[in-house]
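Just below is one structure, and these are the notes that go with it.
The values are calculated or read from the model by the stated rules, or taken from the named source; none is laboratory data. Given the structure is predicted, the values throughout are model-derived calculations rather than measurements. Virtual Cβ from ideal backbone geometry, glycine too; neighbours counted across all protein chains shown.
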Amino acid sequence: MELSDKRILLIISGGIAAYKSLDLIRRLRARGASVRPVMTAASQEFVTPLAVGALSASHVYTELFSREDEQDVGHIRLARECDLVLVAPASADLLAKMAYGLANDLASTILLASDRPVLVAPAMNPKMWSAAATARNVATLRADGVHFIGPMRGEMAESGEAGLGRMAEPLEIADAVGRLLGSAKGPLSGRTAIVTSGPTHEPIDPVRYIANRSSGRQGHAIAAALARLGADVTLVSGPVSIADPPGVHTIHVERAEEMLRAVEARLPADIAVMVAAVADWRVAGAADQKIKKRQGEGPPALELAENPDILRTVGHHRQRPKLVVGFAAETQDLEENAVQKLRRKGADVIVANDVSPETAIMGGSRNRVNIVSAAGIQDWPDMSKDEVAERLATLISELLPDA
């Protein structure tokens, strides 16, 4: 999403997530935006104005009663000489000031004086986010027309607690800025994509199930990356603990049969990326009640039935997408198995990765993949799953037929 000639006023408030503002500045400028930063006193306890100024190539504004800044620009001009005001991170304190119209420092004064769109990316402890006072403030701000992205679910850097409160990632925030400013055009604009992600859970009884080890991180990242390139993306997700990606329509399923039905219901589509770690087998007759362990008796015999092969079904479907990408998670003979899968499943590309226990790929944040296609095999270096997703989305945009 290009942001050429867009002027972003970035307000950085206090909190450990302030360090992400440095990457956010880089992302916004890489898309062509100019960034004028404002830092609260609390934010300067976490990142320095020197670092923010160096990355933004702009003067950093910190004081409401600065003789030099007020003579040169002034807080009213800061509030108006931009296309969007972005608050990232937005602390609970600053959200409260915004909701009540307080203006006792430069950031809150600008927010009260601005007539431009405002986008906030909250970041705080999960208890603070779920507090009744914060909920009231957020409801007030939404009613006032303030736009939100996040917070996301995850572990808190400062406390080790987990929950809803993490600031959205810089890429997600930059995408949200693009959508608000109407610059969401990309090489996949007008194209539709279906992505599957996560595991499937095949019930044994109401409390037990068969599943694969998958966090959904790679599939969710690919769905978000395709959306960033302008595609209309539907994500069909098995049970995961991560948040739905922004800018993507997400359908939640449990079982492989449900996933297949959801995928087929979205056909025809231009692109299919089948990332989900679908369980190959299900119990032929799942029990309605919990199977009890009985003393002196061995474990019950489970009759297994084969689950539908979603990738093969899509690859040979009468409404086959123009480009079909599958994933091959292997523990041995990686390239050979991927080449065979490419032919057998009717895919155009297979993304193959070694998921041996020592690689820590399943459930981890990094990945190393081989790209297998009729053109040969590409060995990609070790990258974060977000980087793999960006690179794969770009490859898809290059491989997708024009018609």
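Of all residues in the stretch 367-395, those being in a helix (DSSP H, G or I) and touching a strand residue (DSSP E or B) at 6+ places or on another chain (Cβ under 6 Å) number 2.
Kindly provide the set of residues from the stretch 303-352 that are in a strand (DSSP E or B) and among the hydrophobic types (A, V, I, L, M, F, W, C), ordered by number.
Listed by number, the residues that qualify are Leu304, Ala305, Leu323, Val324, Val325, Phe327, Ala328, Ala329, Val349, Ile350, Val351, Ala352.
Of the set (1) at pLDDT below 95; (2) more than 23 Å from Glu172 (Cα to Cα), all apply to Lys6 but (2).
Examine the stretch 244-253 for a residue that is in a loop (DSSP other than H, G, I, E, B), out of contact with any Pro (no Cβ under 6 Å at 6 or more places or on another chain) and modelled with pLDDT of 95 or more, and state whether such a residue exists. Yes - at least one qualifying residue is present in the stretch 244-253.
Checked against (1) under 23 Å from the mean Cα position of the chain (by Cα); (2) without any contact (Cβ under 8 Å) to a residue 40 or more places away in the chain, Val146 passes all but a single condition, namely (2). Within the stretch 191-214, count every residue that is of a type in the set (A, V, I, L, M) and part of a loop (DSSP other than H, G, I, E, B). Final tally of qualifying residues: 2.
Quick check on this structure: which one of Pro357, Pro321 is modelled with pLDDT of 95 or more and either more than 19 Å from Ala223 (Cβ to Cβ) or touching a strand residue (DSSP E or B) at 6+ places or on another chain (Cβ under 8 Å) (or both)? Lay out the reasoning, then the answer.
Details: Pro357 fails: modelled with pLDDT of 95 or more.
Unique residue meeting the criteria: Pro321.
Could you go through the stretch 205-218 and let me know if any residue there is touching a residue at least 40 places away in the same chain (Cβ under 8 Å) and under 26 Å from His147 (Cα atoms). Looking for residues that are touching a residue at least 40 places away in the same chain (Cβ under 8 Å) and under 26 Å from His147 (Cα atoms), one finds at least one in the stretch 205-218, hence yes. Does Ala176 satisfy being assigned to a helix (DSSP H, G or I) and within 28 Å of Asp23 (Cα to Cα)? In short, yes.
Results for (1) modelled with pLDDT of 90 or more; (2) surrounded by 19 or more Cβ atoms within 10 Å (Cβ to Cβ); (3) within 21 Å of Ala224 (Cα to Cα), shown as yes or no for each residue.
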site: Thr140; (1), (2), (3): yes, no, no
site: Glu158; (1), (2), (3): no, no, no
site: Leu164; (1), (2), (3): no, no, yes
site: Ile173; (1), (2), (3): yes, yes, yes
site: Lys185; (1), (2), (3): no, no, yes
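Among residues belonging to the stretch 123-138 that are outside any helix (DSSP H, G or I) and in contact with a helix residue (DSSP H, G or I) (Cβ under 6 Å, 6 or more places away or on another chain), point out the one that is surrounded by the fewest Cβ atoms within 10 Å (Cβ to Cβ). Walk me through it before giving the result.
Keep residues of the stretch 123-138 that are outside any helix (DSSP H, G or I), which gives 123-125, 131.
Still in the running and in contact with a helix residue (DSSP H, G or I) (Cβ under 6 Å, 6 or more places away or on another chain): 123-124.
Values: Ala123: 28, Met124: 24.
Here the residue is Met124.
Residues being of a type in the set (Lys, Arg) and over 33 Å from the mean Cα position of the chain (by Cα): count how many of those fall in the stretch 282-318. Of the residues in that region, 4 qualify.
Would you call Ala279 under 30 Å from Gln340 (Cβ atoms), assigned to a loop (DSSP other than H, G, I, E, B) and either among the hydroxyl-bearing types (Ser, Thr, Tyr) or within 34 Å of the chain's Cα centre (by Cα) (or both)? Yes.
Please verify whether Pro199 is farther than 28 Å from Tyr19 by Cβ and under 19 Å from the mean Cα position of the chain (by Cα), treating the condition exactly as stated. Reasoning before the result, please.
Values: farther than 28 Å from Tyr19 by Cβ: yes; under 19 Å from the mean Cα position of the chain (by Cα): yes.
Yes; evaluated as a whole, the condition is true for this residue.
Out of curiosity, is Val339 modelled with pLDDT of 95 or more and either among the hydrophobic types (A, V, I, L, M, F, W, C) or exposed (fewer than 12 other Cβ atoms within 10 Å of the Cβ) (or both)? For Val339, the condition - modelled with pLDDT of 95 or more and either among the hydrophobic types (A, V, I, L, M, F, W, C) or exposed (fewer than 12 other Cβ atoms within 10 Å of the Cβ) (or both) - is not met.
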